[in-house]
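Take a look at the structure below.
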Amino acid sequence: MKKYLSLVTFTHTIFAMPFAFIGFFLAVTTTDHRFDWMKLVMMILCMVFARNSAMAFNRYLDRDIDSKNPRTKQRDIPSGRISPAAALTFTIVNCLLFIATTWFINDLCFYLSPVALLVVLGYSATKRFTALCHLVLGLGLSLAPIGAYLVITGQFALTPLFFSFAVLCWVSGFDIIYALQDEDFDRSENLHSIPAYLGKVNALRLSTFLHILSAAFVIMPIFFTQVGVLYYVGIVFFCTMLIYQHLLVKPNDLSRVNFAFMTTNGIASVVFAVFFLLDRLWIR
């Protein structure tokens, strides 16, 4: 179990899961649908199964690339801790579990489950042909808030889409920062990424622009649903963390990329979600 948790980098669940809770409780508190413990559990299971599938497939598909990259050659498959066949089997099992879980939620979630898997699995191939791979990763994680909203309501709405767009821009932006470490390697292997295509300086500028958009999207819900002061506090904190990670990383100094990637963004998502949930309780 420890090996498989390492394979899927389970700690990175901290990025999308808080936004799934935001989508779920946005539906509970702004519609006529009531809170349902079973649906909450199934939403969490869907998040876990989808992410397990995506990460395991990414490690499986990138195993040869990872073995060449000094930064990634110690990952589970290149190092021999998990075989490629085991990783692929793990991917298939989690895909089936994800689809099966959506069948118990509602028809719309079930019908859309193959589309969701296509997005989150398809990301793994994109670095081979487009520098927009970071946006595809962001798109995959952006399904969390709208997907969780659909678990409760079974129908689309505007406000959860703002949170999805916020996640898309936020994740794409910090993934560009993370990819700065592999700029030279990506060029040498003819792999596509924003840093390899634009260089470090322009890649950081694009990341900054995406994070400005993300900040704008977390602000947009205040014009479409009732919010309280705690939500404004959450916005300020989230935006502060966006600014802080850009102060940590410079084109000529990538020593704090991992801290900016994991710690700063992990704290940003969790704290923002906590303030959102507290705000919903306060309003009710």
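Below are the figures for this structure:
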item	result
Max mean-square fluctuation residue, GNM over the chain, Cα-Cα springs under 10 Å, options 234, 23, 199	199
218, 115, reordered so the largest accessible area comes first (probe 1.4 Å)	115, 218
Rounded accessible area per residue of region 59-177, 1.4 Å, Å²	43
Electrostatic dipole magnitude of region 157-209 [Cβ: Lys, Arg +1; Asp, Glu -1; Cα centre; debye, to 20]	260
Accessible surface, per residue, of region 224-280 when the full set of protein chains is kept, probe 1.4 Å, Å²	46
Helix-only [θ]222 nm of the chain, DSSP H runs n ≥ 4, -39500 (n - 2.57) each, per residue, nearest 500	-23500 deg cm²/dmol
Inter-part distance where region 42-59 and region 176-247 are each reduced to a Cα centre, Å	23
Residue of 221, 84, 70 that the Gaussian network model of the chain assigns the largest fluctuation, springs spanning Cα pairs under 10 Å	70
Burial order of peptide ranges 116-124, 154-162 (average beta-carbon count within 10 Å, highest first)	116-124, 154-162
Relative contact order of region 167-284, defined on C-alpha pairs under 8 angstrom at six or more residues apart (%)	29
Size of charge dipole - the chain - debye, nearest 20, with Cβ of Lys, Arg +1 and Asp, Glu -1, no other charges	440
Rounded percent of accessible protein surface that carbon and sulfur make up, the chain, 1.4 Å probe	69
Modelled FRET efficiency - R0 30 Å, residue 258 with residue 107, Cβ distances, 0.05 increments	0.10
Probe 1.4 Å, all protein chains present, accessible-area order of 57, 209, largest first	209, 57
Positive-pole candidate from 156, 92, 120, dipole of the chain, charges at beta carbon	92
Among 168-177, 46-55, the order from most to least packed when residues are scored by Cβ within 10 Å on average	168-177, 46-55
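The values are calculated or read from the model by the stated rules, or taken from the named source; none is laboratory data. For clarity, every value in this text was computed on a predicted model and none was experimentally measured. Virtual Cβ from ideal backbone geometry, glycine too; neighbours counted across all protein chains shown. In case anyone asks, the SASA skips ligands and DNA or RNA and just uses the protein heavy atoms, side chains included. Shrake-Rupley method; radii C 1.70, N 1.55, O 1.52, S 1.80 Å.
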